[in-house]
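Enquirer: Below is one structure. I have some questions about it.
Throughout, read-outs are computed from the coordinates displayed, never taken from laboratory work. The structure presented is a predicted model; accordingly, all values stated were derived computationally and were not measured. Reconstructed Cβ throughout: ideal geometry from the backbone, glycine too, with neighbour counts over all protein chains shown.
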Amino acid sequence: GAGVSQTPSNKVTEKGKYVELRCDPISGHTALYWYRQSLGQGPEFLIYFQGTGAADDSGLPNDRFFAVRPEGSVSTLKIQRTERGDSAVYLCASSDRDRGLSGANVLTFGAGSRLTVL
Amino acid sequence: AQSVTQLDSQVPVFEEAPVELRCNYSSSVSVYLFWYVQYPNQGLQLLLKYLSGSTLVKGINGFEAEFNKSQTSFHLRKPSVHISDTAEYFCAVSAYNDMRFGAGTRLTVKP
């Protein structure tokens, strides 16, 4: 697609429920990132995929958070037993390395999914 | 992992005045540096980036930034701001595809 698409744009759920957030990256981008942005804060790294595999999941806060990218394109962030502290905007970004500059990644962000846990 | 410190959480400035938003980073390896802008109720947009070459980089909307390796800084500047520049600005540092962001600086341009 032309940009990074995230759905839903807004999700309101009750404490304890399960939620899934979807990210559709730019076509052909091999790298996909999830960040969480709380009110008044910068984006906090959660997980990074290169292709189908999670290259770095060190930012996932606990085992209630899980993300998959089974075919190397669309990714789903899954949150179990949601808590009020999970309320935030969840950002997805994708990138393809600049040619000739190994490791230089320019991220394109989606508009985010705003999660509110009541 | 690398980290970013944005020294000012809020910067109020009058229209047509110059502005500098400060960013310092920490890393044990060579990094790439970025500034992103987030307008109210919108997603993050790339403002400019330093990958290699000239340490003075120019971005969109008249912004520029200078990479200073010895001071581990990447400050953002604009000689004359407009009301429309009111937004949140994020500095980011990347190494080995691992990108980390600062807490952000809220730039408010007053008439």
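Enquirer: With N set to the number of residues, divide the alpha-carbon radius of gyration of the stretch B:64-111 by 2.2 N^0.38 Å and report two decimals. Could the numbers behind the result be given before it?
Expert: Numbers: Rg = 13.1 Å, N = 48, 2.2 N^0.38 = 9.6 Å.
This ratio for the stretch B:64-111 stands at 1.36.
Enquirer: Principal axes first, then extents: for the Cα atoms of chain B, list largest minus smallest coordinate on each axis, whole Å, largest first.
Expert: 43, 28, 21 Å, listed from the longest principal axis down.
Enquirer: Connecting C-alpha atoms closer than 10 Å in a GNM of chain A, tell me which of A:Leu21, A:Leu46, A:Leu107 has the biggest fluctuation.
Expert: A:Leu107
Enquirer: Local charge sum around A:Asp57 (other residues, Cβ-Cβ under 14 Å, Lys/Arg +1, Asp/Glu -1)?
Expert: Numbers: positive: A:Arg36, A:Arg64, A:Arg69, A:Lys78; negative: A:Glu44, A:Asp56, A:Asp63, B:Asp98.
It works out to a net charge of 0.
Enquirer: Find which of B:Leu47, B:Gln10, B:Ser84 sits farthest along the positive direction of the dipole of chain B, computed with +1 on the beta-carbon of Lys and Arg, -1 on that of Asp and Glu, about the Cα centre.
Expert: So the residue we want is B:Leu47.
Enquirer: From the C-alpha coordinates alone, can you work out the Kirkwood hydrodynamic radius of the protein assembly as shown, in Å?
Expert: On the way: mean 1/r = 0.0551 Å⁻¹.
It is 18.1 Å.
Enquirer: Restricting to Cα pairs below 8 Å that are 6+ residues apart, what does the relative contact order work out to for the stretch B:3-110? Please round to a whole percent.
Expert: Working: 265 pairs, mean separation 41.2, N = 108.
RCO, the stretch B:3-110: 38 percent.
Enquirer: How high is the relative contact order of the stretch A:5-96? Use alpha-carbon pairs under 8 Å, at least six apart in sequence, and give a whole percent.
Expert: Values: 192 pairs, mean separation 34.2, N = 92.
Relative contact order for the stretch A:5-96 comes out at 37 percent.
Enquirer: Counting other Cβ atoms within 10 Å, which trypsin sites (Lys or Arg not before Pro) in the stretch A:1-77 have at most 16 and lie in a DSSP loop?
Expert: On the way: sites: A:Lys11, A:Lys15, A:Lys17, A:Arg22, A:Arg36, A:Arg64; in loops: A:Lys15, A:Lys17, A:Arg64.
The qualifying sites are A:Lys15, A:Lys17, A:Arg64.
Enquirer: Hey, got the average number of other protein chain Cβ atoms within 10 angstrom for residues in B:86-97? Write out the running numbers ahead of the final one.
Expert: Values: counts 0, 0, 3, 0, 4, 1, 3, 0, 6, 2, 6, 13.
Taking the mean over all residues of the peptide, I get 3.
Enquirer: Please identify every one of the chymotrypsin sites (Phe, Trp or Tyr not before Pro) in the stretch A:13-47 that sits in a loop by DSSP and has no more than 13 other beta carbons within 10 Å of its own beta carbon. Present the calculation step by step, with values, prior to reporting the outcome.
Expert: Values: sites: A:Tyr18, A:Tyr33, A:Trp34, A:Tyr35, A:Phe45; in loops: A:Tyr18.
Hits after loop and neighbour filter: A:Tyr18.
Enquirer: Send over the per residue convex hull volume for chain A, Cα only, as a whole number of Å³. Working shown, then result.
Expert: On the way: hull volume 11.5 nm³, N = 118.
Spread over its residues, the Cα hull of chain A gives 98 Å³ apiece.
Enquirer: Something else now. Where nothing but the Cβ of Lys and Arg (+1) and of Asp and Glu (-1) is charged, how large is the charge dipole of chain B around its Cα centre, in debye to the nearest 20?
Expert: Dipole magnitude for chain B comes out near 180 debye.
Enquirer: Set Lys and Arg Cβ to +1 and Asp and Glu Cβ to -1, take the dipole of chain A about its Cα centre, and tell me which of A:Trp34, A:Leu118, A:Thr52 lies farthest positive.
Expert: A:Leu118
Enquirer: Assigning unit charges at the beta carbon (Lys, Arg +1; Asp, Glu -1) and nothing else, what dipole magnitude in debye, to the nearest 20, does the protein assembly as shown show about its Cα centre?
Expert: The dipole magnitude comes to about 260 debye.
Enquirer: Excluding B:Phe67 itself, calculate the net charge of residues whose Cβ lies under 15 Å from the Cβ of B:Phe67, where each Lys or Arg counts +1 and each Asp or Glu counts -1. Don't jump to the answer; show the numbers that get you there.
Expert: Numbers: positive: B:Arg22, B:Lys49, B:Lys58, B:Lys69, B:Arg77; negative: B:Glu20, B:Glu64, B:Glu66.
Taking every other residue near B:Phe67 into account, the sum is +2.
Enquirer: Next question. Please name which of A:Pro70, B:Thr108, B:Val93 has its Cα lying farthest along the dipole of the protein assembly as shown towards the positive end, using unit charges on Cβ (Lys, Arg +1; Asp, Glu -1) and the Cα centre as origin.
Expert: Value computed over the given set: A:Pro70.
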